[in-house]
Amino acid sequence: MEKNKKRFETQAIRGQMESTGYREHSTPLFLTSSFTFPSAELMADTFAGQADGIIYSRYSNPNTDELIQKACAMEGAEDGFATASGMAAVFAGLAAFLQAGDHVLASRAVFGSTHQILTELLPRWGITHTYADPQDIDNWEQYLTPNTRMIVLETPSNPGLALIDLEKAGALARRHGLILNVDNCFATPCLQRPLEYGAHLSVHSGTKWMDGQGRVLGGLVVGDAELIEKVRFFCRHTGPAMSPFNAWILSKSLETLSVRMERHCGNALRLANFLEGHQGVSRVLYPHLPSHPQYELARKQMRLGGGIVAFELEGGAAAGMRFLNRLRMCSLSSNLGDSRTIATHPASTTHSKLKEEERQAVGIRPGLVRVSVGLEHIDDIVEDVGQALGGRSEGVKE
Ligand SMILES: *Cc1c(COP(=O)(O)O)cnc(C)c1O
């Protein structure tokens, strides 16, 4: 290890900006839209890119710069850009590169709004796509056309927790000179680093595990410097910049990300083990559970199994909704990656706009429940889930 190359956890903490004249220990918040110059000449040089300096917070800001620097160090990326939300990052990662006539090969199991961008917005600008099944990466090559420019995928997927082999995706992209764009939100750089497998861009919703406490929205695109230059040009002129306040929150959140992820993952594995074999639960999906159909792959490309557990109830949609109604501690919300455990019934909420066949195609059965496992004591989480399943509980009225 090089002398100055600190380890992952240390980079997230010590990668902060130099202190100002006040010698403050914790990074201050730079709530300023613009920055001043001591001379017209330096101002001209800065605008021309011949001198370093921050001009305007739509382009960059000390707080967003610090967040980007830390996130890049953690993900092994050359450069990055911070956006107002995860979706702004997803959109920038597409729009900065695609033009009329281009084709995108995408995993069928992408985030709902990513699906809307691919199916409703990009076609307006003459950009088409083909969906392929996540588990079928060995056969993706057949969907490539002479106009294919990018491969877009998410692993593990939401909410079905299907994995895509990143090494194979990276090799496919390299063979055909395509940009590989991976939404790494579910795993975070703590568990999975797509750039090491040949991805060119790694996209995040900072809103989820990165913030970790359900406070702010934010997004990040990190990757190869040459590509990020295009993302920066797109964002600089279209304006989806992250607010300095959110960057300040998220940069501090990164300091605790790896400690939190270890606990989230530990709790999730224990909940998955509890659910497996529980009466009324027909199937449990968790990447690091040996029964997961892609367990070997999960062990290979994910350091831990992540904070999301999905399971199917035998009674279908009614059982899923009854389970949610019986929870006493866990929250009912569509968010994920919070310190508080959250349960969602995808078929009636996040994925209700999909047609039944579309839900089936991405493995969302009517009885599927998604749990974002929080940082409460695992015994309390298991007790609440257990009583809501109607098993070992007292005083639950049916
Ligand atoms: C939440 C989420 C997004 C969108 O992020 P926002 O911050 O809500 O805009 C994108 N991809 C995945 C996988 C997500 O979970």
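The values are calculated or read from the model by the stated rules, or taken from the named source; none is laboratory data. Everything numeric here is computed off the predicted structure, so don't read it as measured data. Counting neighbours? That spans all protein chains shown, and the Cβs are built from the backbone with ideal geometry, glycine included. Surface accessibility is based on the protein's heavy atoms, side chains included, excluding ligands, DNA and RNA. Shrake-Rupley method; radii C 1.70, N 1.55, O 1.52, S 1.80 Å.
Which ones in the stretch 186-206 are within 11 Å of the ligand (Cβ to nearest atom), closer than 19 Å to Ala162 by Cα and either open to solvent by 10 Å² or more (accessible area, probe 1.4 Å) or in a loop (DSSP other than H, G, I, E, B) (or both)?
Across the stretch 186-206, the qualifying residues are Phe186, Ala187, Ser205.
Among the residues of the stretch 120-137 satisfying the criterion of being under 22 Å from Ala169 (Cα atoms) and open to solvent by 60 Å² or more (accessible area, probe 1.4 Å), which is farthest from the ligand (Cβ to nearest atom)? Full working, then the answer.
From the stretch 120-137, those under 22 Å from Ala169 (Cα atoms) are 127-137; that's our starting set.
Still in the list and also open to solvent by 60 Å² or more (accessible area, probe 1.4 Å): 128, 133, 135.
Numbers: Thr128: 21, Asp133: 18, Gln135: 18 Å.
Checking each candidate, the answer is Thr128.
Away from the ligand (no atom under 16 Å from the Cβ), aliphatic (A, V, I, L, M) and within 20 Å of Thr155 (Cβ to Cβ): is that true of Leu354 in this structure? Steps first, answer last, please.
On the way: away from the ligand (no atom under 16 Å from the Cβ): no; aliphatic (A, V, I, L, M): yes; within 20 Å of Thr155 (Cβ to Cβ): yes.
No.
Condition check ((1) surrounded by fewer than 12 Cβ atoms within 10 Å (Cβ to Cβ); (2) within 22 Å of Ser205 (Cβ to Cβ)) across all residues:
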| residue | (1), (2) |
| --- | --- |
| Gly15 | no, yes |
| Glu18 | yes, no |
| Arg23 | yes, no |
| Pro28 | no, no |
| Phe35 | no, no |
| Gln50 | yes, no |
| Gly53 | no, no |
| Asp65 | no, yes |
| Ala73 | no, yes |
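Please count how many residues of the stretch 92-119 are touching a Pro at 6+ places or on another chain (Cβ under 9 Å) and open to solvent by 20 Å² or more (accessible area, probe 1.4 Å).
1
For Trp209, which of the numbered conditions (1) of a type in the set (Phe, Trp, Tyr); (2) open to solvent by less than 10 Å² (accessible area, probe 1.4 Å); (3) without any contact (Cβ under 8 Å) to a residue 40 or more places away in the chain fails to hold?
So the condition that Trp209 fails would be (3).
Quick check, is Ala89 touching a Gly at 6+ places or on another chain (Cβ under 7 Å), within 14 Å of the ligand (Cβ to nearest atom) and either open to solvent by 10 Å² or more (accessible area, probe 1.4 Å) or closer than 28 Å to Met242 by Cα (or both)?
For Ala89, the condition - touching a Gly at 6+ places or on another chain (Cβ under 7 Å), within 14 Å of the ligand (Cβ to nearest atom) and either open to solvent by 10 Å² or more (accessible area, probe 1.4 Å) or closer than 28 Å to Met242 by Cα (or both) - is met.
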